[in-house]
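Participant: Shown below is the structure under consideration.
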Amino acid sequence: MAITYLKQVETRPAVEGKDIRGVVAQMLAKIEQGGEAAVRDYARDLDGWAEDIVVTAAERAAASARVPQELKDDIRFAHANIRRFAEAQKATMGDCEIEIMPGLIAGQKQIPVSSAGCYVPGGRYSHIASALMTITTAKVAGVPHITACSPTRPGIGIPDPIIFAMDLCGADLILNLGGVQGVAAMSMGLFGGVPADILVGPGNSYVAEAKRMLFGAVGIDMFAGPTDSLVVADHSADPETVAWDLVSQAEHGADSPVWLVATDRRLAETVLQRAPEMIDSLPEPNASAARVAWAERAEVVLCETREEAAQVADRYAPEHLQVQAEDLDWWLNRLSAYGSLFLGEETTVAFGDKTSGPNHVLPTSGAARYTGGLSVHKFTKTVTWQRCDAEASHELALRTARISRMEGMEGHARSAELRLKQQTA
């Protein structure tokens, strides 16, 4: 395989992981013991928020009234697309019933979880789209109770557009909470909520660690790290478009890697030249975040053939994978490891992040090798059932008893043989 790295970075160890785990473990223990009072203390000390935690119906209405009409229309547009795609996903899920053998009938049912906690990140950016992606999908799945939370801003609370989006999507409870305390409150059903069966939504490293520690007691969507993106491009791609698509994803944060896998040296070298210039044109804090991400996390790989490029892309298993190359159907059929795929220069990860419909809560850090992103499936349990008549029960009992005794499980054997006795009584 003829692969050349025009830009390569060293693997960076997670030096802060141990410290984060200790802090999060301590916070969760205090919240478990102190309940709502402990959550309020953390909200005050960490976010400067000492006001009400629950966003009331009146506050929802007031926040929505302050959102400009054009932005409301944009949010509704995105919500409609996300809902339609989630509904199409749900349509692929079905109950089934089969007669496995004469007299033995078995089946499966799709049952939504009873409650979900949707975390909507704040911090550097106001992630309206994360509210749309998580709450809408849970609603379409049929989750009866949905709690949503998001970090507050001092003196303001959750930004108005996020509250509007949460309300539009059908959140039953909205909490002025971010960070570990927000995740913990949703998992424990504090402030009038229902304890979450599953926690979903992206967040910072503390939120991710809190979800990791709570996993088992509750379900989670995935173990998420910093967002990452890869672009595959050939000679037909526009270097300016490729460069901007990479830069736009680098602005997520200094720890967000972006990768270019190219089969054309001229294009790759042009992107290497243009990307830093584009980053310098961004406002702050976007420019600073993207500059560090590009310098310390970006890689540019040159391949001789498209098959080599596909192999490299599969090895990275990116969260977002863009293809700007000829014969898009070939790429669609060939690529196998990605969170979400964006085909052609007319589409971009930014569309998927905000408005186009497929979910943007996706596997990071190579997890796309074995899992997909958030969907109605994540909020749904596929459960099975079975029943049989006397004839089927007789044969099952004989065979079950023999296998059980071979395994040394006498109780199982007797439980099976009890059915034989009942049939002859």
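The values are calculated or read from the model by the stated rules, or taken from the named source; none is laboratory data. Just so you know, these numbers come straight off a predicted model, no measurement behind them. So basically every Cβ, Gly included, is an ideal-geometry build from the backbone, and we count neighbours across all protein chains shown. For the accessible areas, the whole protein counts, side chains as well, though only heavy atoms, and no ligand, DNA or RNA atoms are used. Shrake-Rupley method; radii C 1.70, N 1.55, O 1.52, S 1.80 Å.
Participant: Going by the structure shown, is Arg297 open to solvent by 60 Å² or more (accessible area, probe 1.4 Å) and basic (Lys, Arg)?
Facilitator: When the stated conditions are applied, Arg297 does not pass them.
Participant: Can I ask one more? I'd like the full set of residues that are under 25 Å from Ala208 (Cβ atoms) and among the polar types (S, T, N, Q), limited to segment 323-354.
Facilitator: Selection gives Ser340 alone.
Participant: Of all residues in segment 386-402, which are out of contact with any Pro (no Cβ under 8 Å at 6 or more places or on another chain), open to solvent by less than 100 Å² (accessible area, probe 1.4 Å) and either aliphatic (A, V, I, L, M) or in contact (Cβ under 8 Å) with a residue 24 or more places away in the chain (or both)?
Facilitator: Result: Cys388, Asp389, Ala390, Ser393, His394, Glu395, Leu396, Ala397, Leu398, Ala401.
Participant: A further question on this structure: Being surrounded by fewer than 19 Cβ atoms within 10 Å (Cβ to Cβ) and touching a Phe, Trp or Tyr at 6+ places or on another chain (Cβ under 7 Å) is the filter here; which residues of segment 328-350 pass it?
Facilitator: Leu343, the sole residue that qualifies.
Participant: Can I ask one more? Of all residues in segment 82-129, which are of a type in the set (Gly, Ala, Ser), assigned to a loop (DSSP other than H, G, I, E, B) and either closer than 22 Å to Met186 by Cβ or out of contact with any helix residue (DSSP H, G or I) (no Cβ under 9 Å at 6 or more places or on another chain) (or both)?
Facilitator: Of everything in segment 82-129, those that are of a type in the set (Gly, Ala, Ser), assigned to a loop (DSSP other than H, G, I, E, B) and either closer than 22 Å to Met186 by Cβ or out of contact with any helix residue (DSSP H, G or I) (no Cβ under 9 Å at 6 or more places or on another chain) (or both) turn out to be Gly94, Ser114, Gly122, Gly123, Ser126.
Participant: Could you run through segment 179-207 and say how many residues are at pLDDT 95 or above, surrounded by 20 or more Cβ atoms within 10 Å (Cβ to Cβ) and not in a strand (DSSP E or B)?
Facilitator: Total meeting the criteria: 16.
Participant: Any idea which of Pro161, Pro151 is touching a Leu at 6+ places or on another chain (Cβ under 8 Å), farther than 25 Å from Pro112 by Cβ, open to solvent by 10 Å² or more (accessible area, probe 1.4 Å) and assigned to a loop (DSSP other than H, G, I, E, B)?
Facilitator: Only one candidate passes the filter, namely Pro151.
Participant: I want to confirm something. Restricting to segment 38-71 and keeping residues that are farther than 29 Å from Ala185 by Cα and in a helix (DSSP H, G or I), which single residue is least open to solvent (accessible area, probe 1.4 Å)?
Facilitator: The residue in question is Leu71.
Participant: Could you check, for segment 202-224, whether at least one of its residues is closer than 23 Å to Ser340 by Cα, of a type in the set (A, V, I, L, M, F, W, C) and in contact with a Lys or Arg (Cβ under 7 Å, 6 or more places away or on another chain)?
Facilitator: Yes; the residues of segment 202-224 include at least one that is closer than 23 Å to Ser340 by Cα, of a type in the set (A, V, I, L, M, F, W, C) and in contact with a Lys or Arg (Cβ under 7 Å, 6 or more places away or on another chain).
Participant: Next up: Considering only residues that are outside any helix (DSSP H, G or I), surrounded by fewer than 24 Cβ atoms within 10 Å (Cβ to Cβ) and in contact with a helix residue (DSSP H, G or I) (Cβ under 7 Å, 6 or more places away or on another chain), which ones fall in segment 164-178?
Facilitator: Within segment 164-178, just Gly170 meets the criteria.
Participant: Do you know which of the residues in segment 403-421 that are over 24 Å from Gly107 (Cβ atoms) and among the hydrophobic types (A, V, I, L, M, F, W, C) is most open to solvent (accessible area, probe 1.4 Å)?
Facilitator: Among residues in segment 403-421 that are over 24 Å from Gly107 (Cβ atoms) and among the hydrophobic types (A, V, I, L, M, F, W, C), the one most open to solvent (accessible area, probe 1.4 Å) is Met406.
Participant: Here's something else I'd like to know. Pick from segment 351-383 the residues that are aromatic (Phe, Trp, Tyr) and out of contact with any helix residue (DSSP H, G or I) (no Cβ under 8 Å at 6 or more places or on another chain): which of them is surrounded by the most Cβ atoms within 10 Å (Cβ to Cβ)?
Facilitator: Phe351
Participant: Same structure again: Pull up segment 80-123, narrow it to residues that are under 23 Å from Lys211 (Cβ atoms) and at pLDDT below 95, then point me to the one that is surrounded by the fewest Cβ atoms within 10 Å (Cβ to Cβ).
Facilitator: Gly123
Participant: Could you look through segment 209-223, keep only residues that are in contact with a Gly (Cβ under 8 Å, 6 or more places away or on another chain) and under 13 Å from Val361 (Cα atoms), and pick out the one that is surrounded by the most Cβ atoms within 10 Å (Cβ to Cβ)?
Facilitator: For segment 209-223, the residue satisfying everything is Asp221.
Participant: Is one or more of the residues making up segment 249-268 within 20 Å of Gly352 (Cα to Cα), small (Gly, Ala, Ser), touching a strand residue (DSSP E or B) at 6+ places or on another chain (Cβ under 7 Å) and crowded, with 17+ Cβ neighbours inside 10 Å?
Facilitator: yes
Participant: Related question: I'm checking my understanding of the structure. Among residues of segment 233-248 that are out of contact with any Leu (no Cβ under 7 Å at 6 or more places or on another chain) and open to solvent by less than 10 Å² (accessible area, probe 1.4 Å), which one is nearest to Arg212 (Cα to Cα)?
Facilitator: The qualifying residue nearest to Arg212 (Cα to Cα) is Val247.
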